[in-house]
Amino acid sequence: MNNQHIYTVTELSIIVKDLIEGNIPPVWVKGEISNLSQSRKGHIYFSLKDKESLINCVLWRDVSYNIPFNIENGMSVIIFGEVVVYTPQSQYQIKVYDLKPAGIGNLYLEFLRLKEKLAAEGLFDESKKKSIPFMPRLVGVITSSSGAAIRDILNISRRRNPAIRIIIFPALVQGEEAADTIVEGIKYFNKEKNVDLIIISRGGGSLEDLWAFNEEKVVRAINESEIPIISAVGHEIDFTLSDFAADLRAPTPSAAAEIVFPDRKEIFNKIEYLLKRIERDLNNLLSRYMERSSDLKSRLYRFKPENMIMDKVQRLDELEIRLYNAIKKHIDTCGFKLKEIIGKLNALNPKSVLNRGYSIVYKMPENKIVKRCGDVKKDDSLSIEVSDGNFGAVVN
């Protein structure tokens, strides 16, 4: 021990670091992401594991910007990086330079990159989608003139509704020049404005086969089209960027034809149903109006001006008779009361007593009634009133 060199922890860590970093070249490693975390500065830390082992990894912020998809726990990936040692903990890790989903090639990564880019520009926004006409007069189809897609569309259109015409723009649907011919077709129909709807179509295939419909120039042409576009590319499980940009995505060319060409029989049945419904509604409406008319006639008769005047005249006659009877009754009552008062006055009138043999003696010239003997003296002149007149007398 006295002859052995004693290392500090840091010294030994540096030796290990030099041995590992100086002898292991950058490598590709496949595994599953776990323990994913991100610092406030944007650096990403995670572990890469398989069934038996685990190794820590670091993805610096400037490198992570070039990864065209979100990294998540549980994702199976292939990373390319350099094995380095983190000296403070004497721990080796991989400094990641590139990261790809396991089993997916560069073409799919380009698909994800373009999708994220174009979506950020708003090319896939639902608010920009145009409505698909129910029954277009003319339909433009951009596809291969010899492919299965156009045969399916033509067969379905003839069977369902041959009245709708089709204009075919022959385009390449695979290969380096395919995207340009598709864009040319879109621009042609928009310039001529000779169709109400455009279908972009081809049959199924691999991602490479369908790549023309993922080209950025095609997606932008679809987005700029003033005519509504249906994308019918591949089979139901196939998705292209054209599907996201189009106003409507059909899972197959046949499905697009089913949408665009309404069945004549269904239309006739619908028209017949609507005619019967209109007839029924009109009958119900007519019945209600007739009932309303009858009610109005009845009310009009009740409120007829002639009838109203006759009613008022009759009422006036009734009031006149009642007024006459009331006045007559009042006069009779007043006359009876007058006779009664006259009778009482006559009964109380002093002169009425004269008819029974009495007389009234007045002292003259004062013309005062003599009530007692003391009211007169000898030789006073008197006037005596009897029932039929008066005569003079002298007190003796």
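Some points to look at:
- Sequence-ordered 3J(HN,Hα) estimates for the range 380-392 from the Karplus curve with 6.51, -1.76 and 1.60 and θ = phi - 60° stand at 5, 7, 10, 10, 10, 9, 10, 5, 10, x, 8, 8, x Hz, glycine and proline given as x.
- Apportionment of accessible area to carbon and sulfur, the range 1-157, percent (1.4 Å): 52
- In this structure the range 222-304 gives 67 Å² per residue of accessible area when probed at 1.4 Å with all protein chains present.
- Across the range 166-183, coupling constants 3J(HN,Hα) worked out from phi with the 6.51/-1.76/1.60 Karplus curve, θ = phi - 60°, read 10, 10, 9, 9, x, 9, 6, 10, 7, x, 5, 8, 4, 4, 5, 5, 5, 4 Hz, and Gly and Pro carry x.
- Nearest-10 value in Å² for the accessible area of V361, using the 1.4 Å probe: 40
- Dipole axis of the chain (+1 Lys, Arg; -1 Asp, Glu on Cβ), positive-most option in V84, S381, G204: S381
- Sequence of T10, T181, T333 from largest to smallest accessible area, 1.4 Å probe: T10, T333, T181
- Taking all protein chains together, R61, R220 sort by accessible area into R61, R220, largest first [probe 1.4 Å].
- In a DSSP loop and with at most 10 other Cβ atoms within 10 Å, the chymotrypsin sites (Phe, Trp or Tyr not before Pro) in the range 98-196 are F134.
- Length released on extending from E192 to D332, taking residue separation times 0.36 nm less the Cα-Cα span: 39.6 nm
- On full extension, the segment bounded by K49 and D281 gains 76.3 nm, given 0.36 nm per residue less the C-alpha separation.
- The range 188-249-the range 44-60 distance, computed between alpha-carbon centres (Å): 41
- I142 long-range amide H proximity, modeled H, under 5 Å: F169, I199, I200, S201
- Members of K51/K115; K49/K100; K193/K270; K129/K217 lying beyond 24 Å, as alpha-carbon distances in this model show: K51/K115; K193/K270
- Charged side chains reduced to their Cβ positions (Lys and Arg at +1, Asp and Glu at -1) give the chain a dipole of some 3960 debye around its Cα centre.
- For Y108, neighbours were defined as the other residues whose beta-carbon sits under 11 Å from its Cβ, and their charges (Lys and Arg +1, Asp and Glu -1) total +1.
The values are calculated or read from the model by the stated rules, or taken from the named source; none is laboratory data. Computed from a prediction, not measured in an experiment: that's the story for all the values here. A quick note on method: Cβ atoms are made from the backbone with ideal geometry, for glycine too, and the neighbour counts reach across all protein chains shown. For accessibility, only protein heavy atoms count, side chains too; no ligands or nucleic acids. Shrake-Rupley method; radii C 1.70, N 1.55, O 1.52, S 1.80 Å.
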